[in-house]
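**Q** Dumping the structure here so I can ask a few things about it.
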Amino acid sequence: MYNEETFNFNIENIQNDLAIEGMAITSNDVEMFRRFASEEMAMPELIQMIKSQPIEY
């Protein structure tokens, strides 16, 4: 069974998986999600951080 607490935040693997779908992700994106997943920040703070970032193409 999958253990959610051992989620691997390997940026290369995440980037490769999302590239298949035509999506890009930065190490900053992964860090924000890691902080949210480890309860270092709440959903409203995460949303505000996402809204304040420039869109990268």
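The values are calculated or read from the model by the stated rules, or taken from the named source; none is laboratory data. Note that the structure is a prediction, hence the values are computed from the model and not measured. Note: areas computed on protein heavy atoms with side chains; ligands, DNA, RNA excluded. Shrake-Rupley method; radii C 1.70, N 1.55, O 1.52, S 1.80 Å.
**Q** Any chance the range 30-39 includes a residue that's under 11 Å from the mean Cα position of the chain (by Cα), part of a helix (DSSP H, G or I) and modelled with pLDDT under 80?
**A** Yes.
**Q** Within the range 1-16, take every residue that is in a helix (DSSP H, G or I) and open to solvent by 100 Å² or more (accessible area, probe 1.4 Å) and give me the one that is modelled with the lowest pLDDT.
**A** Of all residues in the range 1-16, those in a helix (DSSP H, G or I) come to 4-6, 11-16.
Applying the additional criterion that residues be open to solvent by 100 Å² or more (accessible area, probe 1.4 Å) yields 4-5, 12.
Working: Glu4: 52, Glu5: 55, Glu12: 75.
Going through the qualifying residues, I end up with Glu4.
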